[in-house]
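This report refers to the structure that appears directly beneath it.
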Amino acid sequence: MKFTMLLIIIAALVAALLLSLFVKELYFDGSVDNSSSDGTGDVLLQYEWPQVQGDPSFTRFSAGPAPETPGILWKANVMGVQSYIYAFNGKVFVTTKTAVFALDRVTGSIVWNTTVPAPGPWPMVYKIDDTHLVIGNSSLDIETGRILWTSTDFSASSKPLFTLNVYSPEEKMFFVKGDSCIQAWDLSNPSNPPKLAWTTYVSGGEVLGSGIQYGDGKVFPGSFEPHQMALDAKTGEVLWDTETKGSMTFSGAYYQGRFIRAGSHDNTLYCFNATDGAILWAFNPHTEDGYFCVGSAVAYDIVYALNKDGYLYALDVDTGDLVWKYQGPGALMFPGTPTVADGKVYATTGQIASYTGEQGASEFACLDAYTGSVLWKLQIEAFAPRESVAIAYGNLYLIPGTVTTAVDSISGEEYDTMGQVWAIGAKPLPTDAEPWPMWRQDPAHSGVGQSGPTNLTLTWKFTTNGAVISSPSMADGKVYVGSQDKNVYCLDARSGGLIWKFATNGRIKSSPAIADGKVYVGPDDGYVYCLNAYDGSLLWKKSAGGFVQAHFASLVILRSSPTVVNGRVYVGSLDTNVYCMNADNGDIIWTHKTEGYITSSPAVVDGAVYIASQEPDLGALYKLDAATGNLVWKRTLPYYLPLGGGTDMHASPSVADGMVFAASNIEAYYGINAATGDVEWTYRDEAAKEFIVCSPVYSDGKVFLIDKFSIVCVDSKTGNLIWSTYLGEELYVSPSYADGKVYVVTDQRSVFVLDAANGAQLDRFVTSSNSWSAPSLYGGRLYVGNNDWNVYCLADPVF
């Protein structure tokens, strides 16, 4: 009964939380190596969790992206599942007392399972290379589960409680605890069982558990006595032995020349100089029931450790000073170990069992790694103190397991489990996702996508080094966007992981265009760039008038974005010209000179180019022959006087159903006959004194416009008002449309989704700053830049 109630509580909590989540920045940075893909294009496969604590140093840190929300992708049933979880070679691995299971990382289905010779309780899996894994005294083929060898002398499992052994790929050695000794086993030839290389006695090792860690050619064993040792990984020679005031029973972590381990009984976390053993600092929270145990995580120059007093402590790795602490729902009976990735800390911060007899509360929390603020929580435990969490492939994998008061025994009653493995992360993009390959989706500037979210839930956000005014473009599972930090970024559309970036010579306000494996951007610094869409390498660069120091009155300033049609690139420039270039080599096919700055982006439809220009006395909308650049017609558009003056013409035309939809500098929109250039209708709001920088959106006989504090819907043939929704926030940039919904961002930190039929508000998402980037839609998700330096990906929640 209690399991049924627990599942009901979990489901309700997840549903509630997913509708009201907020999270901090995505801290993953660094180029993705595409060569680590399995050929499917999934660049996330390089981020693995190849042994019990992630790596030999036991920092429990993953360098890849990790989930922003607790969306459950799948649950796999593995009856009798034991603690600890692993992920490598595109699979997820768990064990029972007799077998190891390989699960599909995407679906959770069983790829293979193999019964192994008596691995014992809590067996552990270690990746040796791309072919071999080790569990207990056996090696298995990673792809098939076939047993390759079984040793009569060696075992990766140890009998003592909570002993965690370690494999070092650098040394090609396995370091295991055997009673009071540390043994090193040579595994330089993984095709054969390892050979014993050395044995070193550790005073106080005894039969109780103590983790073994590796770092920088050293092995750090634990002891039930109050001292910490370091051994030479190649010889077993004792390098140093430092006295402490508490037993060093559980796991430590090696980090950049430091070794961190808790003295369990003195409630103190020690940081040693890993070279000479000098104690650099010691932290004691001085809590009455405090007790550090099991292990810590280290990342971002911060040490993260749970304590029985119910707090998760974050300490400066250099000084031991408290950075922040988070208090869970109550004291912890037996804490686990945090896991860190992507600017976030994941940990079991609440346990239902208690030594006092008072029932506690289960809690698994995701916290901001820098501030300790709560990002999300689930009412579960992740098998702590044997924290069974792995972060790999952009997902979080865990084994739900609730500790009992029998945790200090090996009775089989230490945990209540669901017999399940969970995957938490972002939902995969649909295989038939329609691209959004350029500014406003297509050459007509329709601003219409295939599908978009109804409930705006953060899936990820990626932090650049400057404001993101550029609107994202998406194709082939990638996001392309420019930043004020002068870089063009290519991101993984599902996870937000960086694939590549390319540096230009100017702040980027334009939006990229993608066509035939190429990315076109500019001319923000006076040049149009053509990049390889897959690796970001420069293919060509062509001057489009050079850098122009132009003055504008509008606070929101965009730049002309390239439109690519039939092997040609069309773009406007501040040098007053419209350019047509060969998409393959950048050769200029033609130019057409206007009488003013061009910041609007060209719409290209039915062999014609439509573009607006800021001219001295009147604004102008041009229709040019796309093949030759010859003028077809020119329609002047009146200027109206804004509050601070100015004649900026930033709005870009959109074309649909034989009409061109364009705008003046402020107040007025026009429906213009595409064939003749005659104005068919005008929609004007004399109270709207802000500059218009948006492109109207057309769908099924309706046009959606920005009207200062409101978004309005008018009839495409007459301009008559159908509905108007007052949002109470200043609106500037273009709206977008998908499957009956309208999306708009504001100058006051909001992203809205409205019902396109009547303008009713469906949802609102709040960012940390304003946005001048238009929302783009791809695979059911919304992508948008923000002045807070981030690219946001919003989607419906995954339950």
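The values are calculated or read from the model by the stated rules, or taken from the named source; none is laboratory data. Values in this document were obtained by computation on a predicted structure and should not be read as measured data. Glycine also receives a Cβ, built like all others from the backbone with ideal geometry; neighbour counts cover every protein chain displayed. The area values use the complete protein model at the heavy-atom level, side chains included, leaving out ligands, DNA and RNA. Shrake-Rupley method; radii C 1.70, N 1.55, O 1.52, S 1.80 Å.
Yes or no, residue by residue, for (1) at pLDDT 95 or above; (2) over 41 Å from the mean Cα position of the chain (by Cα); (3) more than 20 Å from residue 442 (Cα to Cα):
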| site | (1), (2), (3) |
| --- | --- |
| 556 | no, no, yes |
| 566 | yes, no, no |
| 572 | yes, no, no |
| 603 | yes, no, no |
| 612 | yes, no, no |
| 623 | yes, yes, no |
| 639 | no, yes, yes |
| 645 | no, yes, yes |
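Residue 73 meets each of the listed conditions (1) open to solvent by 20 Å² or more (accessible area, probe 1.4 Å); (2) part of a loop (DSSP other than H, G, I, E, B) apart from (2). Take the residues of the stretch 203-243 that are of a type in the set (S, T, N, Q), in contact with a Ser or Thr (Cβ under 7 Å, 6 or more places away or on another chain) and part of a strand (DSSP E or B): which is nearest to residue 296 (Cα to Cα)? Looking at residues that are of a type in the set (S, T, N, Q), in contact with a Ser or Thr (Cβ under 7 Å, 6 or more places away or on another chain) and part of a strand (DSSP E or B), I get 213. Given the criteria among the hydrophobic types (A, V, I, L, M, F, W, C), touching a residue at least 12 places away in the same chain (Cβ under 8 Å), assigned to a loop (DSSP other than H, G, I, E, B) and open to solvent by less than 20 Å² (accessible area, probe 1.4 Å), does residue 334 qualify? Criteria met by residue 334. Selection over the stretch 669-685 of residues that are in a loop (DSSP other than H, G, I, E, B) and under 20 Å from residue 734 (Cα atoms) gives a count of 1. Pairing residues of the stretch 603-626 that are basic (Lys, Arg) with residues that are assigned to a strand (DSSP E or B), at Cβ distances under 7 Å and at least 6 apart in sequence or on separate chains, gives 623/608; 623/610; 623/632; 623/633.
Pull up the stretch 739-767, narrow it to residues that are in a strand (DSSP E or B) and hydroxyl-bearing (Ser, Thr, Tyr), then point me to the one that is modelled with the highest pLDDT. Even if it seems obvious, please write down each step before you answer.
The first filter runs over the stretch 739-767 and keeps only residues in a strand (DSSP E or B), leaving 741-745, 750-755, 761-766.
Applying the additional criterion that residues be hydroxyl-bearing (Ser, Thr, Tyr) yields 743, 750.
Working: 743: 98, 750: 95.
Looking at residues that are in a strand (DSSP E or B) and hydroxyl-bearing (Ser, Thr, Tyr), I get 743.
As a summary of the residue check, residue 238 satisfies the conditions (1) of a type in the set (A, V, I, L, M, F, W, C); (2) modelled with pLDDT of 95 or more; (3) within 16 Å of residue 222 (Cα to Cα); (4) in contact with a Gly (Cβ under 9 Å, 6 or more places away or on another chain) except for the one numbered (4). Counting only residues that are open to solvent by less than 10 Å² (accessible area, probe 1.4 Å), without any contact (Cβ under 8 Å) to a residue 60 or more places away in the chain and outside any strand (DSSP E or B), the stretch 464-505 holds 0 of them.
Among the residues of the stretch 86-97, are any among the aliphatic types (A, V, I, L, M) and part of a loop (DSSP other than H, G, I, E, B)? Show your work before the answer.
Within the stretch 86-97, the first condition is being among the aliphatic types (A, V, I, L, M), and the residues that meet it are 87, 92, 94.
Narrowing further to those that are part of a loop (DSSP other than H, G, I, E, B): none.
There is no residue in the stretch 86-97 that is among the aliphatic types (A, V, I, L, M) and part of a loop (DSSP other than H, G, I, E, B).
Just one of the listed residues (363, 434, 381) is at pLDDT 90 or above, under 24 Å from the mean Cα position of the chain (by Cα), surrounded by fewer than 24 Cβ atoms within 10 Å (Cβ to Cβ) and under 20 Å from residue 289 (Cβ atoms), and it is 363.
The set of residues in the stretch 523-554 that are over 27 Å from the mean Cα position of the chain (by Cα) and small (Gly, Ala, Ser) comprises 526, 543, 544, 545, 546, 550, 553, 554.
Residue by residue, here is whether (1) open to solvent by less than 30 Å² (accessible area, probe 1.4 Å); (2) farther than 28 Å from residue 394 by Cβ; (3) over 35 Å from the mean Cα position of the chain (by Cα) holds:
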| site | (1), (2), (3) |
| --- | --- |
| 86 | yes, no, no |
| 95 | yes, no, no |
| 103 | yes, no, no |
| 109 | no, no, no |
| 131 | no, no, no |
| 141 | yes, no, no |
| 145 | yes, no, no |
| 148 | no, yes, yes |
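A search for C-beta distances below 7 Å between a residue of the stretch 242-268 that is on the phi < 0 side of the Ramachandran plot and any residue that is open to solvent by less than 30 Å² (accessible area, probe 1.4 Å) and basic (Lys, Arg), counting only pairs 6+ apart in sequence or on different chains, returns 248/261; 252/261.
Here residue 163 passes the criteria (1) of a type in the set (Ser, Thr, Tyr); (2) surrounded by 23 or more Cβ atoms within 10 Å (Cβ to Cβ); (3) over 17 Å from residue 250 (Cα atoms) except the one numbered (3). Of all residues in the stretch 385-406, those that are within 24 Å of residue 343 (Cβ to Cβ) and modelled with pLDDT of 95 or more have Cβ atoms under 9 Å from Cβ atoms of residues that are of a type in the set (Asp, Glu) and crowded, with 24+ Cβ neighbours inside 10 Å, 6 or more apart or on another chain, in 391/342; 398/387.
Condition check ((1) open to solvent by 20 Å² or more (accessible area, probe 1.4 Å); (2) over 14 Å from residue 416 (Cβ atoms)) across all residues:
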site: 352; (1), (2): yes, no
site: 355; (1), (2): yes, yes
site: 371; (1), (2): yes, yes
site: 388; (1), (2): no, no
site: 396; (1), (2): no, yes
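When the stretch 714-736 is filtered for residues that are out of contact with any Cys (no Cβ under 8 Å at 6 or more places or on another chain), surrounded by fewer than 23 Cβ atoms within 10 Å (Cβ to Cβ) and assigned to a strand (DSSP E or B), the ones remaining, listed by number, are 715, 725, 726. Considering only residues of the stretch 752-772 that are touching a Gly at 6+ places or on another chain (Cβ under 8 Å) and within 21 Å of residue 739 (Cα to Cα), which is most open to solvent (accessible area, probe 1.4 Å)? By that ranking, first place goes to 757. Looking at this structure, is residue 289 more than 23 Å from residue 70 (Cα to Cα), assigned to a loop (DSSP other than H, G, I, E, B), touching a Leu at 6+ places or on another chain (Cβ under 9 Å) and open to solvent by 10 Å² or more (accessible area, probe 1.4 Å)? In short, no.
Residue check: is residue 68 at pLDDT below 90 and touching a Leu at 6+ places or on another chain (Cβ under 6 Å)? Write out each step before concluding.
Working: at pLDDT below 90: yes; touching a Leu at 6+ places or on another chain (Cβ under 6 Å): yes.
Taking the combined requirement at face value, the residue satisfies it.
Entry remark, the stretch 358-367: residues being out of contact with any Ser or Thr (no Cβ under 7 Å at 6 or more places or on another chain), more than 16 Å from residue 308 (Cβ to Cβ) and in contact (Cβ under 8 Å) with a residue 12 or more places away in the chain number 1 in total.
All conditions in (1) within 40 Å of the chain's Cα centre (by Cα); (2) within 25 Å of residue 266 (Cβ to Cβ); (3) surrounded by fewer than 17 Cβ atoms within 10 Å (Cβ to Cβ); (4) of a type in the set (Gly, Ala, Ser) hold for residue 203, with the sole exception of (1). Output yes when any residue across the stretch 25-36 is surrounded by fewer than 22 Cβ atoms within 10 Å (Cβ to Cβ), modelled with pLDDT under 95, in a loop (DSSP other than H, G, I, E, B) and of a type in the set (Gly, Ala, Ser), and no when none is. Checked the stretch 25-36: at least one residue is surrounded by fewer than 22 Cβ atoms within 10 Å (Cβ to Cβ), modelled with pLDDT under 95, in a loop (DSSP other than H, G, I, E, B) and of a type in the set (Gly, Ala, Ser). Taking the listed residues 370, 355, 346, the one that is touching a residue at least 24 places away in the same chain (Cβ under 8 Å), in a strand (DSSP E or B) and among the hydroxyl-bearing types (Ser, Thr, Tyr) is 346, with no other qualifying.
Considering only residues in the stretch 647-668 that are open to solvent by less than 10 Å² (accessible area, probe 1.4 Å) and part of a strand (DSSP E or B), the one that is farthest from residue 560 (Cα to Cα) turns out to be 668.
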